[in-house]
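All of the numbers you see were taken from the coordinates with simple rules; none came from a lab. Model, not experiment: these values are computed from the prediction. Because the Cβ atoms are built from the backbone with ideal geometry, glycine has one as well, and the counts that use them run over all protein chains shown.
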Amino acid sequence: MRRYETIVIVKPGAGETEFSTVSDKVTGTVEGFGGSIVRTDRWGLKKLAYPIKKETQGDFLYVEYAGLPDGVKEMERLLRIDDRVLKFMTVKTQDVFIPDAPKPEGLAGQETASADSDEASE
């Protein structure tokens with residue numbers, strides 16, 4: 001699995017139910033393709049830097065998730081044909097992501113050792 005972040009800008013006049021429908025569509029598609037949602041956040045209504053489809057404001061949705069490329073492709077296809085969505089962008093943040101994986105002990109020991117040596121040198 002890979003880790004992704006997607007930001008969706010929804011039309012401001014869409015209303016609460018329409019916004020939650022778009023949010024459910026995103027999370028449902030990711031989970032339908034075997035992915036898992038890490039975090040969902042509603043950033044609220046913000047002024048856009050330039051008009052998009054004659055709109056000067058947009059309601060922002062941020063979703064961080066782990067999934068397969070096929071799930072991302074399908075989600076973007078659904079967002080592209082949805083009239084409520086002004087714009088969206090997906091960014092791959094990690095190539096290999098294992099949700100809830102324990103941190104290797106060797107790395108944890110190195111971090112504390114380097115922090116201790118930094119404090120000792122001061």
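A few notes on this one:
- All lysines inside 21 Å of LYS11 as judged from Cα atoms, apart from same-chain residues fewer than 8 positions distant: LYS25, LYS46, LYS47, LYS53, LYS54, LYS87
- Fully extended contour minus Cα-Cα distance, from LYS54 to MET89, at 0.36 nm per residue: 10.7 nm
- The alpha carbons of the stretch 12-76 occupy a box of 36, 21, 16 Å along the principal axes, longest dimension given first.
- When peptides 75-84, 3-12 are sorted by average Cβ neighbour count within 10 Å, with the highest value leading, the order is 3-12, 75-84.
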